[in-house]
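See structure below.
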Amino acid sequence: METKPNSRSDGIIVEMNVNTHSISNKDSNMVVNSRERHQAEDVSSYFKKIATALFYGLSSFMITVVNKTVLTSFRFPSFLFLSLGQLAASIVVLGVAKHLKIVSFSSLQNNTFSKIFPLPVIFLGNMMFGLGGTKALSLPMFAALRRFSILMTMLLELKILSVRPSVAIQISVYGMIGGALLAASDDLSFNMEGYTYVMITNVLTAANGVFVKKKLQTAEIGKYGLMFYNSLFMFMPALMITYCTGDLHETLAYEDWRNPYFIIQFLLSCFMGFILSYSTILCTQFNSALTTTIVGCLKNICVTYLGMFIGGDYVFSWLNCVGINVSVFASLLYTYVTFRRKQTSDKELLIPTTRGEAV
């Protein structure tokens, strides 16, 4: 008996094949689109890293030079009062910006201080001791000694954020520290007070970078809130310290308040403090805390050489000069290792743009 072909079955099979082929094409397109999207995100992330690092480096360079000019060239009597001005500038700028709805952050609550602690204390100490070190030391030695903060940041990242830097990064960090030690061994303008201020600042800088990273990940306040409340909570303590040490009276009696050039430099220093705080948080958000610290020290390449002429307090010696240059070249090595374009995708660690190997 002759069987007739089942045209309906054949049609269903053909339709299933067409649908399968269509689904396969859609999957392929989705894979291609996903790959292109990831590549675009990688490029965007890469340029954000570069832009924020350059912004922070330029801000850090400018405020170092301006602060040195105010404190040394103009012989301004109080670095404590200058830090008070920088706190006030941050409060005013961010308060006005929030009122005009240029920026937004959460309003003050009962638990705001506990959410961001210990950042306000670290922030104030970092600012005060940093200005004290700038006043007491020549810029080349200040720059060299500041590189100790890199080693401290690396150790804190390992302990708190569980990030282990690569071997190349470790070599560059140890090179910077070795150069700084060599320079310090023949510092003809040795100042114990200045060395103490800088070493305290190094500890606080390392802690600030790591805790900013941690608070940006966990707190709901955001980068503008961190900047505003750090300054707000520490303004009164800073004012009390300035008053109790007698710096407030000494500052009000300062003779150059009528000098317009000094006023411009003083106001620039105050507002550059706000810009530096903003650029620090941005750089830490899009890079690692260690990268932020190293970029801050990398700008000292310019500060180191210009500082030999700014302030007039640098005493040259060959061993000191060699140590400073070793530290500078190690900084360049780290920059190359950190910012070279990688072919493989980044391993995400809490904030997606942080490079590092989890322990």
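Would you mind stating whether Gly273 is at pLDDT below 85 and surrounded by fewer than 20 Cβ atoms within 10 Å (Cβ to Cβ)? Outline the logic, then answer.
Values: at pLDDT below 85: yes; surrounded by fewer than 20 Cβ atoms within 10 Å (Cβ to Cβ): no.
In short, no.
Any residue in the stretch 47-66 that is within 29 Å of Ala253 (Cβ to Cβ) and of a type in the set (Lys, Arg)?
No: the stretch 47-66 contains no residue that is within 29 Å of Ala253 (Cβ to Cβ) and of a type in the set (Lys, Arg).
Might you check whether a residue that is at pLDDT 85 or above, closer than 30 Å to Phe148 by Cα and within 22 Å of the chain's Cα centre (by Cα) occurs anywhere in the stretch 237-252?
no
Give the number of residues within the stretch 76-96 that are out of contact with any Ser or Thr (no Cβ under 9 Å at 6 or more places or on another chain) and either open to solvent by less than 20 Å² (accessible area, probe 1.4 Å) or touching a residue at least 12 places away in the same chain (Cβ under 8 Å) (or both).
Total satisfying the criteria: 2.
Quick one: in the stretch 323-350, of everything that is open to solvent by 70 Å² or more (accessible area, probe 1.4 Å) and at pLDDT 70 or above, which residue is nearest to Leu216 (Cα to Cα)?
Tyr336
Residues that are open to solvent by 70 Å² or more (accessible area, probe 1.4 Å): list the helices (runs of 4 or more DSSP H) wholly contained in the stretch 101-202 that include at least 1 such residues. Outline the logic, then answer.
Numbers: elements: 112-116, 119-136, 139-145, 148-156, 167-184.
Qualifying helices (runs of 4 or more DSSP H): 112-116, 119-136, 148-156, 167-184.
Of the residues Ser185, Ser149, which is in contact with a helix residue (DSSP H, G or I) (Cβ under 9 Å, 6 or more places away or on another chain), hydroxyl-bearing (Ser, Thr, Tyr) and within 18 Å of Thr335 (Cβ to Cβ)?
Sole residue among the options that is in contact with a helix residue (DSSP H, G or I) (Cβ under 9 Å, 6 or more places away or on another chain), hydroxyl-bearing (Ser, Thr, Tyr) and within 18 Å of Thr335 (Cβ to Cβ): Ser149.
Do we have Cys283 as at pLDDT 80 or above, under 24 Å from Ile171 (Cα atoms), within 15 Å of the chain's Cα centre (by Cα) and open to solvent by less than 30 Å² (accessible area, probe 1.4 Å) here?
For Cys283, the condition - at pLDDT 80 or above, under 24 Å from Ile171 (Cα atoms), within 15 Å of the chain's Cα centre (by Cα) and open to solvent by less than 30 Å² (accessible area, probe 1.4 Å) - is met.
So for the stretch 229-238 (the condition being touching a residue at least 60 places away in the same chain (Cβ under 8 Å) and open to solvent by 80 Å² or more (accessible area, probe 1.4 Å)), does at least one residue qualify?
no
Quickly run through the stretch 245-258 and pick out the residues that are open to solvent by less than 50 Å² (accessible area, probe 1.4 Å) and in contact (Cβ under 8 Å) with a residue 24 or more places away in the chain.
Selection gives Asp247, Leu248, Thr251, Tyr254, Asp256.
The values are calculated or read from the model by the stated rules, or taken from the named source; none is laboratory data. These numbers come from a predicted model, not from an experiment. A quick note on method: Cβ atoms are made from the backbone with ideal geometry, for glycine too, and the neighbour counts reach across all protein chains shown. To get the accessible areas, we keep the full protein, side chains included, count just its heavy atoms, and leave off ligands, DNA and RNA. Shrake-Rupley method; radii C 1.70, N 1.55, O 1.52, S 1.80 Å.
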